[in-house]
Every structure is written in C-alpha cells, then in structure tokens.
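The values are calculated or read from the model by the stated rules, or taken from the named source; none is laboratory data. All values reported here derive from a predicted model rather than from experimental measurement. Every residue, glycine among them, receives a Cβ derived from its backbone with ideal geometry; neighbour counts consider all protein chains shown. Just so you know, the surface numbers come from the protein's heavy atoms only, side chains and all, with ligands and any DNA or RNA stripped out. Shrake-Rupley method; radii C 1.70, N 1.55, O 1.52, S 1.80 Å.
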Amino acid sequence: MPADLEEAARVDGAGRVRTLVQIVLPLMGAPLATLSVLTFLNVWNDFLWPLIAIQTPSHMTLQLGLASLQGSHFTRWPVLMASALMSQAPVLLAFLFAQRFFVRSIATSGIK
C-alpha cells in the first residue's frame with residue numbers, strides 16, 4: 001500500500017484511527033479475506049498437532065476420525081472415501097465464497 005495515501009489523509013486532517021478505518025482497511029479487504037481463507041484451510045487440514053494434543057476419542061477432529069477409519073488389517077474403502085469427500089465440503093464452500101477476493105487480491109497486487 002502506498003504511503004502517499006496515508007500522508008494525504010494526514011494532510012486532510014485525519015488521525016491515525018480514521019486513516020486506518022477509512023483508507024487502509026477498505027484497501028486491505030481482499031488480502032485479509034485471502035489470508036483468512038488460507039488460515040482456515042491450514043487449520044481445517046491440520047493433522048499432527050491434534051494427533052499429539054487430543055487424548056479422548058470424543059474430541060477428535062475430522063481428520064483424525066478419517067485416519068481412525070483405516071484398520072491395521074482391513075479398511076472399509078467406500079466409507080473412508082465418502083467421509084473424505086464429505087470432509088472437503090466446507091473447504092470447497094470457503095473457496096467458492098472467497099474466490100472473488102482471491103481474484104481481486106491478485107489483480108490489485110500488481111503481479112501480472
């Protein structure tokens with residue numbers, strides 16, 4: 001973000017909070033939305049930390065539940081694949097919701 005915009009706001013008499021609310025945050029909407037969706041995807045698909053931290057089966061995350069469907073000698077593949085497909089529905093919805101923010105973020109960044 002160009003520093004000239006903040007400087008122009010200061011010249012016009014805007015304080016730091018007003019500059020943040022009226023100039024910086026509207027321009028940073030698309031990058032912040034992109035960051036929030038990517039953070040959600042990272043947390044949603046996290047496997048190692050819940051595997052270490054969770055002790056009881058009733059608190060297991062969805063990814064740990066999918067891993068528990070695999071047996072040591074037998075795996076019910078239809079159930080496992082259907083569960084994996086269902087677990088990706090929130091991720092797909094988050095991406096479809098935020099796709100316009102991704103495009104806007106790339107378009108305003110100057111990368112061609």
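Considering the range 38-112, the qualifying helices (runs of 4 or more DSSP H), each wholly inside and each with 3 or more residues that are open to solvent by 70 Å² or more (accessible area, probe 1.4 Å) and within 23 Å of Pro26 (Cβ to Cβ), run over 89-109.
Within the bounds of the range 17-29, is there any residue that is under 30 Å from Ser87 (Cα atoms) and touching a residue at least 24 places away in the same chain (Cβ under 8 Å)? Let's see the steps before the verdict.
Residues of the range 17-29 under 30 Å from Ser87 (Cα atoms): 29.
Add one more test, that the residue is touching a residue at least 24 places away in the same chain (Cβ under 8 Å), and what stays is 29.
The answer is yes, given that some residue of the range 17-29 is under 30 Å from Ser87 (Cα atoms) and touching a residue at least 24 places away in the same chain (Cβ under 8 Å).
From the list Pro78, Pro31, the lone residue that is out of contact with any His (no Cβ under 7 Å at 6 or more places or on another chain) and at pLDDT 85 or above is Pro78. Look at Leu27 and say whether it is within 24 Å of Ala98 (Cα to Cα) and open to solvent by 90 Å² or more (accessible area, probe 1.4 Å). Yes.
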